[in-house]
Amino acid sequence: MRFNTRAIHAGQPPDPSTGAIMTPIYQTSTYVQEAPGKHKGYDYSRTANPTRAALEANLAALEGAAFGLAFASGCGAANTILNLLQKGDHVVAGNDLYGGTYRLFTKVYAKFGLEFTFVDTTRPERIEEACRRETRLLWLESPSNPLLGVTDLAAAARIAHARDVRVCVDNTFATPFLQQPLALGADFVVHSTTKYLGGHSDVVGGAILLNDKEVADRLRFFQNAVGAVPGPQDCWLVLRGTKTLGVRMERHCQNGGRIAQWLAEHPRVARVNYPGLPSHPGHEVARRQMRGFGGMISFELKGTLEQSVRFVTATRLFALAESLGGVESLLEHPASMTHASIPREERLKTGLTDGLIRLSVGIEDVEDLVEDLERGFGAM
Ligand SMILES: *Cc1c(COP(=O)(O)O)cnc(C)c1O
């Protein structure tokens, strides 16, 4: 089955007991057993739930993975990957990461004796230099958040695997419609399903997808032991979202491309970060490993911090909000919002400046979105 067919059907045969075409929301915490230990595969909903199982099978099919695990949030999914590591292990990670991932690494796991080195993974030689004997995991985001840096995933995986280091790719920005990291050599994919997979800004969730059965069993143990599992309503909402992922992403890519081009020619814009622009340093790699360039853009205004704030509060369609990936357009100011947990000196080193604005371009009519951004420029 091809992508859009899998999105609609994988993991979701009609309900055997009623014929319901949509997966029921199995709103139950426990399951009746015929005799102690004798049941139909479900005994308690932290361990397993049929609506969650449908979502896990669906997401695995979309990433071309053998195994899928769903979580209560993207951070819950990332946390569970780190549960695989031991005290003294070392992790190499990109230096332009989702702020919450950076916080999980530095504020939660560092104190349990894991060590982290953050490098510019868009330059593969930096990964090589950062690896040590204790390195167990390489954590990548491509395109990265919020600077839209593109890492050559196949090249990074080759470097890591030569040192017996496992590779995890946060594929939230690209989605499996645009990029499939497991096929490029990654060992794990993590998602915040809150974003494009859910697609309607009405649910928080996460997932891990992988092919290794032994590791999948260990992750399933942690999923149950730690307990950051999504409820059946939330699983159902993500399942509803993935059905339209392909058509939504096509429109996100179209609108994103148009707006990036328009911003690049705007006199009040100093720089546009969008992998679809030929001027983007990762454009060629992105063309090779992605089928489109997505709906995420960041750009730097020419002006003061106050002018940036005026810009982000003047638009009407682009709502000022954290998060991304919904059908509606959002904008935000990373330095004071999503990436406020990263120290200013660290931010500035990577190019995350005070004037940076991030757009999550929705699927509205693009002419309306351009007019709305023009309103922002007018208010500066
Ligand atoms: C939002 C996000 C996360 C965290 O996901 P939550 O669902 O908010 O916990 C991780 N990575 C990326 C790239 C994100 O955008």
Check: Any residue at all in the range 302-310 that is more than 16 Å from the ligand (Cβ to nearest atom), among the small types (Gly, Ala, Ser) and either free of Cβ contacts under 8 Å to residues at least 60 places away in the same chain or out of contact with any Pro (no Cβ under 8 Å at 6 or more places or on another chain) (or both)?
Finding: yes
Next item on the list: List every residue pair whose Cβ atoms lie under 7 Å apart, where the two residues are 6 or more positions apart in sequence or sit on different chains, the first residue falls within the range 131-142 and is of a type outside the set (A, V, I, L, M, F, W, C), and the second residue, located anywhere, is more than 16 Å from the ligand (Cβ to nearest atom) and not in a loop (DSSP other than H, G, I, E, B).
Entry: Arg132/His90; Glu134/His90; Thr135/His90; Thr135/Val92; Arg136/His90; Arg136/Arg166
Check: Which pairs do you get when a residue that is within 15 Å of Asn83 (Cα to Cα), found in the range 203-217, comes within reach of a residue that is within 16 Å of the ligand (Cβ to nearest atom) and not in a strand (DSSP E or B), reach meaning Cβ atoms under 6 angstrom, with the pair 6+ apart or on two chains?
Finding: Ala207/Leu59; Ala207/Ala77; Ala207/Thr193; Ile208/Ala77
Next item on the list: Consider Asn171 carefully, then state whether it is within 15 Å of the ligand (Cβ to nearest atom) and in contact with a Lys or Arg (Cβ under 9 Å, 6 or more places away or on another chain).
Entry: no
Check: Which members of the range 155-169 meet the condition of being closer than 14 Å to Ala183 by Cβ and either outside the structural domain of Leu137 (by TED's automatic domain parsing) or in a strand (DSSP E or B) (or both)?
Finding: Val167, Val169
Checklist line | Test: Asp170 is acidic (Asp, Glu) and surrounded by fewer than 18 Cβ atoms within 10 Å (Cβ to Cβ) | finding: no
Notebook entry, point to check: Hey, does the range 219-230 have a residue that's over 20 Å from the mean Cα position of the chain (by Cα), within 15 Å of the ligand (Cβ to nearest atom) and either in a loop (DSSP other than H, G, I, E, B) or in the same structural domain as Ala61 (by TED's automatic domain parsing) (or both)?
Noted result: yes
Checklist line | Trp236 being in the same structural domain as Arg166 (by TED's automatic domain parsing), surrounded by 15 or more Cβ atoms within 10 Å (Cβ to Cβ) and away from the ligand (no atom under 15 Å from the Cβ) | finding: yes
Next item on the list: Count, please, the residues in the range 113-137 that happen to be out of contact with any helix residue (DSSP H, G or I) (no Cβ under 9 Å at 6 or more places or on another chain) and either hydrophobic (A, V, I, L, M, F, W, C) or farther than 18 Å from Ala160 by Cα (or both).
Entry: 2
Notebook entry, point to check: Considering Thr122, Thr117, which residue is away from the ligand (no atom under 15 Å from the Cβ), of a type in the set (S, T, N, Q) and buried (at least 20 other Cβ atoms within 10 Å of the Cβ)?
Noted result: Thr122
Item checked: Selected residue (criterion: nearest to Glu125 (Cα to Cα)) from residues of the range 145-154 that are within 16 Å of the ligand (Cβ to nearest atom) and either among the charged types (D, E, K, R) or part of a loop (DSSP other than H, G, I, E, B) (or both) -> Thr151
Item checked: Sole exception among (1) more than 12 Å from the ligand (Cβ to nearest atom); (2) within 21 Å of Glu322 (Cβ to Cβ) for Ala72, by number -> (1)
Next item on the list: Answer with yes or no whether Thr304 is among the β-branched types (Val, Ile, Thr) and either surrounded by 24 or more Cβ atoms within 10 Å (Cβ to Cβ) or in contact with a strand residue (DSSP E or B) (Cβ under 9 Å, 6 or more places away or on another chain) (or both).
Entry: no
Checklist line | Leading residue by the ranking (nearest to the ligand (Cβ to nearest atom)) among those in the range 83-105 that are out of contact with any Asp or Glu (no Cβ under 9 Å at 6 or more places or on another chain) and within 22 Å of Val204 (Cβ to Cβ) | finding: Gly100
Checklist line | Selection status of Leu330, crowded, with 17+ Cβ neighbours inside 10 Å, within 16 Å of the ligand (Cβ to nearest atom) and hydrophobic (A, V, I, L, M, F, W, C) | finding: yes
Notebook entry, point to check: Quick check, is Tyr109 within 16 Å of the ligand (Cβ to nearest atom), at pLDDT 95 or above and over 18 Å from the mean Cα position of the chain (by Cα)?
Noted result: yes
Next item on the list: Sort out which residues of the range 157-174 are under 24 Å from Ala66 (Cβ atoms) and in contact with a helix residue (DSSP H, G or I) (Cβ under 6 Å, 6 or more places away or on another chain), and write them in order of number.
Entry: Val167, Cys168, Val169, Asn171
Checklist line | Glu345 being among the charged types (D, E, K, R) and over 21 Å from Gln261 (Cα atoms) | finding: yes
Checklist line | Odd one out for Thr47, checked against (1) over 22 Å from the mean Cα position of the chain (by Cα); (2) closer than 30 Å to Leu114 by Cα; (3) buried (at least 19 other Cβ atoms within 10 Å of the Cβ) | finding: (3)
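The values are calculated or read from the model by the stated rules, or taken from the named source; none is laboratory data. Remember, it's a predicted structure, so these values are computed and weren't measured experimentally. FYI the Cβ positions are ideal-geometry reconstructions off the backbone, even for glycines, and counts take in every protein chain you see.
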